[in-house]
Amino acid sequence: MEPGPLPIPTRTATIRAWKERGGRIAAVLPIHYPRALLRAFGLLPVEVWGPPQVNAAYSAAHLQPYVCSIVGNALSFLHSGGLDVADVIVVPHACDSLQGLGSILLDFVRPRQPVFPFYIPRGRRESDLEFLADECRALYRGLAEVTGRSSSDDELMECIRREEEADALLAELHRRRPALPLSNRAFYHLVRAREYLPAETFTDLARAALDLPPADPDDGVPILLSGIVPEPMALLDSLSEMGATVVADDLACCGRRLYPPGTTDDPFRRMAERILNGPPDCTRGNSIAERLQHLIGMARRTGARGVVFYDVKFCEPELFDLPLLRKGLQEAGVPSVTIEVDLNEPLSHQALTRIEAFLEMVR
Ligand code: SF4
């Protein structure tokens, strides 16, 4: 179990329990993919955001030095046996670096497990929806081949509805964040458990969290946390120690994946629809204007006094947006700060000092 008021099973315990029940594991790289489709084949999606603190020597031999540590660590982790527990690997093409990783796995490194790339369109037109639905159909065929199973439309819809329920509760946790009696770290332990828990287990935990007695009014500085992933998680303790409370979230691993329920009865279109209708995300091609409106709206709704962009070094999709995004926020009276980290390094004093100075300014 993870520390905090809720009994959150660890990733290792979850994988072990799933395997003991005869289930299989899909290791999934960031960011967007159809969880329900994997579950329809008995595969539990377990996401691989790096992980942090990996010996990156192996990936250094295969990747350019300007590739981010999420991708570098994933490759090294795979090489060191960290993904041996996985039966398949899914690589969504969120960015050029992940697309490159997919190619390396398919053409050069060739792990024991089958590797499935998953292409995400960069728009929301009907043609994008149909393209993504076709990607889901292609993934279905690939999974059917390697697992020897199939899934009817009704079974797929059941899996989709289970994920929709979990995602609705995830969104509710974010919406009621200020009233939850959870520290920054405990809140993120909970919402990030969506990265590996079966949807039904997450649903039970989320309901338990929403039933906790409300927190006393918080006098911390309310902030909006954006960027990719809050690693190392010590960041969240540091924010609490500095008197900041994360009241709004735009992280790629969290708030940008609050997918709304779908509307159609075609399971493939519905899975695609859900991903495309998620909150604005640079890796899905949303414009800076859309992201700006989204961030300003969130800051206004939650009372966040500023935005901390917490990014992984060399993350091109984020770096392209940041200058105009920050300028637009500043003009709207929402100050921001950017912090860049490497997943293999501890949070630097310099980064902490910059966050502390920012909090003093917005306090
Ligand atoms: S951190 Fe940025 S560059 Fe790295 S995998 Fe994520 S989106 Fe791609």
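Laboratory data are not the source of any read-out in this text; all were calculated from the coordinates shown. Bear in mind that the values here come from a model prediction, so they are computed numbers and not experimental data. Using ideal geometry, Cβ is built from the backbone for each residue, glycine included, and neighbour counts are taken over all protein chains shown.
Structure data summary
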read-out: Cα gyration tensor shape of region 11-149, rounded if a/c is under 1.5, else prolate or oblate by comparing a/b with b/c; value: oblate
read-out: Theoretical FRET efficiency, 1/(1+(r/R0)^6), r = Cβ-Cβ of Gln53 and Glu165, R0 30 Å, to 0.05; value: 0.35
read-out: Region 176-248-region 126-146 distance, computed between alpha-carbon centres (Å); value: 34
read-out: Extension gain from Asp204 to Asn277, taking 0.36 nm per residue of separation minus the Cα-Cα distance; value: 23.8 nm
read-out: Between 0 and 90°, nearest 10: helix 316-331 axis offset from the chain longest Cα axis; value: 30
read-out: Amide H within-cut-off set for Thr10, under 5 Å, with H built and near neighbours excluded; value: Glu2
read-out: Shape of region 77-157, Cα gyration tensor, a/c cut at 1.5; value: oblate
read-out: Label point distance in nm, Glu360-Gln330, each placed 7 Å from Cα along Cα→Cβ; value: 2.0
read-out: Mean residue ellipticity (222 nm) of the chain, computed from DSSP H runs ≥ 4 via -39,500 (n - 2.57), nearest 500; value: -14500 deg cm²/dmol
read-out: Computed FRET value (nearest 0.05) for Ser240 with Arg137, which takes r as the C-beta separation and R₀ as 35 Å; value: 0.20
read-out: Local electrostatic count, Thr353, Cβ distance below 15 Å [Lys/Arg +1, Asp/Glu -1]; value: -3
read-out: Distance between modelled label sites at Tyr66 and Leu319, nm, 7 Å Cα→Cβ extension; value: 0.6
read-out: Full-stretch length increase - Ser348, Glu158 - with 0.36 nm per residue and alpha-carbon distance subtracted; value: 63.8 nm
read-out: Global form of region 215-362, assessed from the alpha-carbon gyration tensor, a/c cut-off 1.5; value: prolate
read-out: Orientation-averaged projected area, Cα convex hull of region 217-287 (nm²); value: 6.6
read-out: Part-to-part distance (alpha-carbon centres) for region 289-363 and region 21-58, which is given in Å; value: 28
read-out: Test item: Cα-centred dipole of region 215-362, Lys/Arg +1 and Asp/Glu -1 on Cβ, debye; value: 580
read-out: Relative contact order of region 215-362, pairs being alpha-carbon contacts under 8 Å that are 6 or more residues apart, as %; value: 28
read-out: On Cα atoms only, tilt of 267-276 relative to the major axis of the chain in degrees; value: 30
read-out: Length added when fully stretched, Asp96-Arg16, from 0.36 nm per residue minus Cα-Cα; value: 25.5 nm
read-out: Radius of gyration and maximum dimension Dmax of the chain, Cα, Å; value: 19.7, 59
read-out: Rounded tilt (10° steps) of 69-79 against the dominant C-alpha axis of the chain; value: 40
read-out: Per-pair calculated FRET efficiency, R0 = 41 Å: Gln293 and Leu106 via Cβ, rounded to 0.05; value: 0.60
read-out: 20 Å cut-off, amide nitrogen to a point 7 angstrom out along Asp219 Cα→Cβ, residues in region 171-208; value: 178-184
